[in-house]
1. Would you list the helices (runs of 4 or more DSSP H) that sit entirely within region 350-455 and hold 2 or more residues that are closer than 22 Å to S489 by Cα and out of contact with any helix residue (DSSP H, G or I) (no Cβ under 6 Å at 6 or more places or on another chain)?
2. I'm checking my understanding of the structure. Among residues of region 524-580 that are open to solvent by 70 Å² or more (accessible area, probe 1.4 Å) and hydroxyl-bearing (S, T, Y), which one is modelled with the lowest pLDDT?
3. Does Y331 meet the test of being in a helix (DSSP H, G or I) and within 17 Å of M274 (Cβ to Cβ)?
4. Please go through region 300-329 and give me each residue that is under 30 Å from E287 (Cα atoms) and touching a Phe, Trp or Tyr at 6+ places or on another chain (Cβ under 7 Å), ordered by number.
5. Restricting attention to region 227-242, which residues are over 13 Å from L260 (Cα atoms) and within 16 Å of the ligand (Cβ to nearest atom)?
6. Count, please, the residues in region 468-491 that happen to be open to solvent by less than 30 Å² (accessible area, probe 1.4 Å) and part of a helix (DSSP H, G or I).
7. I'd like to know if region 275-298 contains one or more residues that are within 16 Å of the ligand (Cβ to nearest atom) and part of a helix (DSSP H, G or I).
8. Among the candidates F245, F263, single out the residue that is of a type in the set (F, W, Y), exposed (fewer than 14 other Cβ atoms within 10 Å of the Cβ) and more than 16 Å from the ligand (Cβ to nearest atom).
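The values are calculated or read from the model by the stated rules, or taken from the named source; none is laboratory data. Quantities reported herein were computed from a predicted structural model and do not represent experimental measurements. In this analysis, Cβ positions are derived from the backbone assuming ideal geometry, glycine residues included, and neighbour counts consider all displayed protein chains. Quick note on the areas: whole protein, heavy atoms, side chains included, nothing else; ligands and nucleic acids left out. Shrake-Rupley method; radii C 1.70, N 1.55, O 1.52, S 1.80 Å.
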Amino acid sequence: MSGGSMIFGSEIPNHHLKWWQSAVFYQIYPRSFADGDGDGIGDFPGIIQKLDYLQDLGIDAIWLSPHFPSPQYDCGYDISDYKAVAPEYGTMTDFTHFLSEAHRRGIRVVLDLVLNHTSHQHPWFVESRSSRNNPQRDWYVWNDGRRDAAGNQIPPNNWDSTFDGTAWEYDELTRQYYYHFFLKQQPDLNWRNPAVRQAMWDAVRFWLDLGVDGYRLDAIATIFEHPSLIDYQLDLTVAQLRHQFRNASTQDERKQIHSLIEFRHSLQLRQPGMHELMQELRTVVNEYGDSVLIGEEDTLDYYGDGDNELHLVFNFPLMRNEQLTPAWIRYNQQERLAGLAAISPHTWPCNTLGNHDSPRIFNQFGDGVHDFQLAQLSLALMLTLRGTPVLYYGEEIGMTDLYLEDIDQFRDITGIWQYHNEIQEFGTPADQALRIAAGYTRDKCRTPMQWQNTANAGFSPAGIQPWLPVNPNFASGVNVRDQLNQSGSLLNFYRGMLRFRKNTSALIRGSYAPIHEGAKEYLAFIREADSQKCLVILNYSAAPQDILLDFTHQPIQPIFSNQANRVTEPVQHQIQVKPYEILVAAIGNLQAG
Ligand code: GLC
């Protein structure tokens, strides 16, 4: 056995753990979770009815995607009022009822905070666009643009939005352009204006005053733009690069195009000013004790000095790989944990494999043959790595992406834009454009939660058409009720493993040390906290693995496995793990933490 090369993170005594360090988060996409009033759209009365389910599942906190009024150009990420509840989701009373019912069950609630932009229908933007002299004109990013050789007014530069072509929208009324990194219905706020900050912090306080437990911060990298507004020295647009990416035949080619896309956005992302802004927000949130801030960002910078910016930043690099292999996970952990340690011992990782913008875990990290086993491994990975796990609704029953077959079913405008652009700009035949768009649209991972094998999967009553089609696989076992009744189901595996983690403090607060770092087929590491030392082995292979263990004569006792009878057998210093086995063993004395 090779010794562990590095040990990351000292263990943290239980009483020093913050709630968000020991919690398992579960993301709810409110439109798709449970339709309480039978209009085809999820809502708070629906969510409230499902809180017992979530408590029984064993999660500790909910991250709620935006529940604010919105014209829904970006499925709620285009907010028209930061201090209210979308009428289709319920009333403010429904919200406070939801919050208190969640809290009563020991479940925390974290909201989504969209800082970069508002809806174009937000009163701030309605005011701002109404005249050049409006006091709120400067709340958004307006520009005269340039003149071309013929004297025509053209956008200030060649920047693209990430969703719908040029980043500049011409506004007839005042004959200026406004900037949008996302859809043209999502104008960017001008965060250099202190009044914008005050108005937003006011909204932040509004929900914290009601008792919410923190925020997940949307798209923070996009908040500032490079003030010089200079052109990119690259003629290809983002749409053209993505088109090339899809047609690329080699991994190398794809990598190259990907870095061009990154270059194409580089002046619009991660610009100076962000850290000061995050520090300001942290100061506001610190007024509310234990509230948490979780960043939608790839880089570690937003941990600040470890205490002055965000509490958590998603470990997105982990899920941005075609496959989860032991080598990839090891590499990711080495990078991530070393990076965090270099910032401060107070930093805490946050791991996730799926969300409302990404393919469903079951198909993304499945191989088409062992999807069930690989889904078990994905959960085991989330629950045994060091850091806070964030799960996505429906992954516990193995929900899969649904490829829409009719453009009229699409709700995510980015997919609809993609479909039309594919046809218009690249001359792609409509049926092919539809397939491309169906793979690209985020609708595929946002379909209604599958509660039972009845009409509409029990999401909405029979006879109602849900806002997005229900995945028909609810009728073949991918639903909550059937899986609750089946001892070997994915859902029962989730329930069992979530309970196990809760009672195994080394998995929550222990240090992390990889072992057997040359092993191609399996991942092995040690999690250790003073009273407990756990060995974790995750076999990613369809073949059994003979593993030699050397813990200098300490007893090795399996305490969790997805294999029958494993937990009763003590392990000798040589063990054969079964195909796709998940094994957690206590080394040394057996005290539970
Ligand atoms: C974030 C959200 C995504 C949204 C975008 C713009 O990436 O997760 O759903 O479209 O920001 O708000």
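1. Values: elements: 361-364, 371-384, 413-426, 430-440.
Because the criterion is at least 2 residues that are closer than 22 Å to S489 by Cα and out of contact with any helix residue (DSSP H, G or I) (no Cβ under 6 Å at 6 or more places or on another chain), the helices (runs of 4 or more DSSP H) in region 350-455 that meet it are 361-364, 371-384.
2. Across region 524-580, the extreme among qualifying residues is T552.
3. It is false that Y331 is in a helix (DSSP H, G or I) and within 17 Å of M274 (Cβ to Cβ).
4. Initially, region 300-329 is screened for residues under 30 Å from E287 (Cα atoms), giving 300-316.
E309, L310, H311, L312, V313 - these are the residues of region 300-329 that are under 30 Å from E287 (Cα atoms) and touching a Phe, Trp or Tyr at 6+ places or on another chain (Cβ under 7 Å).
5. Step one: filter region 227-242 for residues over 13 Å from L260 (Cα atoms), giving 227-231.
Answer for region 227-242, where residues must be over 13 Å from L260 (Cα atoms) and within 16 Å of the ligand (Cβ to nearest atom): there is none.
6. Going residue by residue through region 468-491, those that are open to solvent by less than 30 Å² (accessible area, probe 1.4 Å) are 468, 470-471, 477-480, 483, 489-491.
The next check asks that each one be part of a helix (DSSP H, G or I); those that pass are 480, 483, 490-491.
Qualifying residue count for the region: 4.
7. Within region 275-298, the subset within 16 Å of the ligand (Cβ to nearest atom) is 293-298.
Those left that are additionally part of a helix (DSSP H, G or I): none.
The answer is no, given that none of the residues of region 275-298 is within 16 Å of the ligand (Cβ to nearest atom) and part of a helix (DSSP H, G or I).
8. Working: F245 fails: exposed (fewer than 14 other Cβ atoms within 10 Å of the Cβ).
The conditions single out F263.
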